[in-house]
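The values are calculated or read from the model by the stated rules, or taken from the named source; none is laboratory data. What you see is a predicted model; the values in this text were computed from it and never measured. Cβ atoms come from the backbone with ideal geometry, glycine included; neighbour counts cover every protein chain shown.
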Amino acid sequence: MLSLTIKEVSLALREGRISPTELCRKCLNRVKKTHHLNAYITVTEDLALKQAQEAETRLLQGTPRGLLDGIPFAVKDNFCTENVKTTCASRMLKDYIPPFNATVVQKLLDQGAVLIGKTNMDEFAMGSGSTDGAFGPVRNPWSYAAPYREQKGVEPQSDWVISGGSSGGSAVAVASLTSYLALGSDTGGSTRNPGSLCGVVALKPTYGLLSRHGLIPLVNSMDVPGIMTRSVNDAAVVLGVLQGLDVKDSTTIPAPPSFTELPEDFDVRNICVGIPKEYHAPGLSDETVAQWSRVADMFERAGARVEQVSLPHTQHSIVCYHVLCCAEVASNMARFDGLEYGHRSEVDSSTEAMYASTRHEGFNDVVRGRILSGNYFLLKQNYEHYFLKAQRVRRLITDDFRRVFRSGVDVLLTPATLTDATCYSDFTQEDNRTRSTQEDVFTQPVNMAGLPAVSVPTSLSRRGLPIGLQLIGPALQDNKLLSVARWIEQRVGFPSISDFGESSEPTKREQTSAV
């Protein structure tokens, strides 16, 4: 039951084959069984059971709210949830309880969906591994699945692999069958990166299509709520629920005509698939290249036109992103001063001392480093040299995408990550900024341009770990993008982790280190 799609489990609920309360308990039991993955910061067991009982009453009365009524979901812990802790995986907000729901959360609740819990992440969404949060690193469930175990030949101790980030907890929640969908945030690839590494579908919609109200901001001009599911069709269902104008977010735009069921047989003979030549980046694994070529060949054999294209300015995207991201981070993090909400230091010799001590105690090194960089870029003598130049480069990156799509290209096909998931011990040998720079090379330019993109799992690597590819589309062509993604999904036959039976239990040593 837990491995079904949203449409399948919704039908099971309506037909009475399982009740919302029974389904909720199954998911909660699964959360407990996979506790070693550290996917959740807060599990809302009592609230979930209450919401499930309400859904059960509606179904018995024949008045379901929609396809999601009674369906368990998870939320990244940087979305506000009324009367439920929202920590951003930071000591700064470890006890913060918002008085309202983020718009996207409220829309799911209005459809009768059941909130299972808040998921783990990198602190304030700054990272690409979900390893730097105050509540410990997130473990990829494929670390404990048979394909990886068999390739290792021994029980792995310290060589479990990362989930990706910063929405690692949400990706793991979906991949480990504890929820049917999860919300993440995507500023430079934070849903698509972990989606690819954990073998789930991860959608970054067009900027403005989903409301950011209640999403604790990282980079306002690039932040987008992301959708994680186990199938492309499920992502389309959730997108249909969440998209649209919100009076509380002035950047939202009217939703285009949507559908909750993608075409069963999308005809790719009428599309042109672009292959950006600049995306053959250093460090790209041979297995990822092979998958990229394999799917491109599938399109050609099916009659699609496949062309090499150029996005010349995307090579500057990471540096440009660093400047713009840090500048907006410096502004957004200024609100956390110990005066209004969040952590407050006991140092009280002066307001300035309390303020400085609060931020030193509340933020980790990664956050403090980005604040420092951002303030440097915004200094009067540096503003034009760094910030304004980065804004100009961002426009050139956007123009590159616009030119390619205007030339007749319908979608771009690229890798989602350089390799499959890295072992935690290897990943943490380098600093956060270096790893983020490496991991975001394929995903980050899309956020610069505000375009829709989706990562789709395509195969398992030789190590038994997921490899995913990314599709990028023109603005507001999210549904067409998902139709192409589903075409790929139907043909690659990517396995579910449930196909390999129950994940192996962690060793005692692993349980001890999962904090």
Contact list, first residue from region 219-239 and assigned by TED's automatic domain parsing to the domain that holds Gln470, second anywhere and in a strand (DSSP E or B) and of a type in the set (Lys, Arg), beta-carbon distance below 7 Å, six or more apart or interchain, is Val224/Lys204; Gly226/Lys204
Contact list, first residue from region 387-408 and in the same structural domain as Val446 (by TED's automatic domain parsing) and over 15 Å from Pro312 (Cα atoms), second anywhere and at pLDDT 95 or above and surrounded by 14 or more Cβ atoms within 10 Å (Cβ to Cβ), beta-carbon distance below 6 Å, six or more apart or interchain, is Gly408/Cys272
Filter region 87-122 for residues that are in contact with a Cys (Cβ under 7 Å, 6 or more places away or on another chain) and surrounded by 24 or more Cβ atoms within 10 Å (Cβ to Cβ); the one that is farthest from Gly189 (Cα to Cα) is Val114
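Would you say Asp420 is at pLDDT below 95, crowded, with 20+ Cβ neighbours inside 10 Å and under 21 Å from the mean Cα position of the chain (by Cα)?
So Asp420 fails the test.
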- Any chance region 139-154 includes a residue that's in a loop (DSSP other than H, G, I, E, B) and surrounded by fewer than 24 Cβ atoms within 10 Å (Cβ to Cβ)? yes
In the set Ser170, Ser179, the lone residue that is under 22 Å from Met121 (Cα atoms), outside any helix (DSSP H, G or I) and either polar (S, T, N, Q) or in contact (Cβ under 8 Å) with a residue 40 or more places away in the chain (or both) is Ser179
Among the residues of region 306-342, the number that are in contact with a Leu (Cβ under 7 Å, 6 or more places away or on another chain) and either in a loop (DSSP other than H, G, I, E, B) or at pLDDT below 95 (or both) is 1
Scanning region 191-215 for residues that are under 16 Å from Ala74 (Cα atoms) and not β-branched (Val, Ile, Thr) gives Pro194, Gly195, Cys198, Ala202, Leu203, Gly214, Leu215
Per the list (1) within 21 Å of Ser167 (Cα to Cα); (2) buried (at least 20 other Cβ atoms within 10 Å of the Cβ), residue check on Ser221 breaks on (2)
